[in-house]
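Asker: I'd like to ask you about the structure that follows.
Readers should treat all values here as calculations from the given coordinates under stated rules, not as data from a laboratory. In this text the structure is predicted, and so the values were computed from the model without any measurement. Backbone-built Cβ (ideal geometry, glycine too); neighbour counts: all protein chains shown.
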């Protein structure tokens, strides 16, 4: 890391060069980043990283998935959960794995105190379903999944309003009577079940309800992005692209 005063002198000299702003931004990003995680390297103010509520909730995420470095993505989901908690309706996550992000939300908004709400966690809890993935999706996501069903059950045994639903989406969606949804997370690494989840829950999403698409902008996930864009267009709205790789969709 460069000495701060020395770096300042370099910046001062660079400002005199052609394309000074581009050079300055490059230097600042390389030598003075405020955040370097999860495919991002930025120089913006990151006050949320010092928020005790954020850090406590991120600790809950780390308990589920130790070593994870996705703080900005977690910040997005925490914000979305907080926003949705002000609306009527339940919370739904499709694609759970070890329930890292949902654990973070539950901690951040003290979901256990929202006794009139339920948080539904839909997953096979054993990985992708071959019949539902394309060859490209299979090549992009080569994880050897472990069975996480009992782990997730144990994680939420003290939370009566967290409902764990094991099964294949879309088949499992009809097994639970969910009438209103305020928050929907879509993270199944495959376009077909993700589209099915969007089509199933969109009519149930309340006005102002929020959808977080976790894989939306990630390389190798173009089929998911294209399918999500087609869906958004079909319901007359657009998806917000977030540098974290997520997409945000709000029902208006």
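Asker: How big is D, in µm² s⁻¹, for the stretch 51-250 by Stokes-Einstein at 4 °C and 1.567 mPa s if Rh is the Kirkwood radius over C-alpha pairs?
Answerer: On the way: Rh = 16.8 Å.
Using the Kirkwood radius from Cα pairs, D works out to 77 µm²/s.
Asker: For a label point 7 Å from the Cα of residue 146 along Cα→C-beta, name the residues of the stretch 53-75 whose backbone N is under 14 Å from it.
Answerer: 63-68
Asker: Taking 0.36 nm per intervening residue step and subtracting the Cα-Cα distance, what contour gain separates residue 116 from residue 36 on full extension? Intermediate results must be reported in sequence, preceding the final value.
Answerer: Values: separation 80, 0.36 × 80 = 28.80 nm, distance 3.87 nm.
Gain on stretching residue 116 to residue 36: 24.9 nm.
Asker: Now for a separate question. Give the value in nm², to one decimal: projected area of the alpha carbon convex hull of the stretch 27-92, averaged over all directions. List each step's numbers first, then the result.
Answerer: Numbers: hull surface 22.3 nm².
Directional mean of the projected Cα hull area for the stretch 27-92 stands at 5.6 nm².
Asker: Beta carbons within 10 angstrom, averaged per residue: use that to sort the peptides 47-57, 220-230, highest first. Write out the running numbers ahead of the final one.
Answerer: Working: 47-57: 13.8, 220-230: 17.4.
Ranking the peptides 47-57, 220-230 by packing returns 220-230, 47-57.
Asker: Measuring from a point 7 Å past the Cα of residue 49 along Cα-to-C-beta, which residues in the stretch 78-108 have an amide N at less than 19 Å?
Answerer: So the set is 78-79.
Asker: Next up: Expressed as a rounded percentage, what relative contact order does the stretch 65-221 have, with Cα pairs under 8 Å and six or more residues apart? Write out the running numbers ahead of the final one.
Answerer: Numbers: 234 pairs, mean separation 48.1, N = 157.
Reported as a whole number, the value is 31 percent.
Asker: A further question follows. Rg and Dmax of the stretch 155-232, Cα atoms, in Å?
Answerer: Looking at the stretch 155-232, its Cα Rg and Dmax stand at 13.4, 39 Å.
Asker: What list do you get for 92, 152, 242 if you sort them by fewest beta carbons within 10 Å?
Answerer: Neighbour counts put them in this order, fewest first: 242, 152, 92.
Asker: Another question about this same structure. What is the distance, in nm, between label points placed 7 Å from the Cα along the Cα-to-Cβ direction at residue 9 and at residue 237?
Answerer: The two pseudo-label positions are separated by 5.5 nm.
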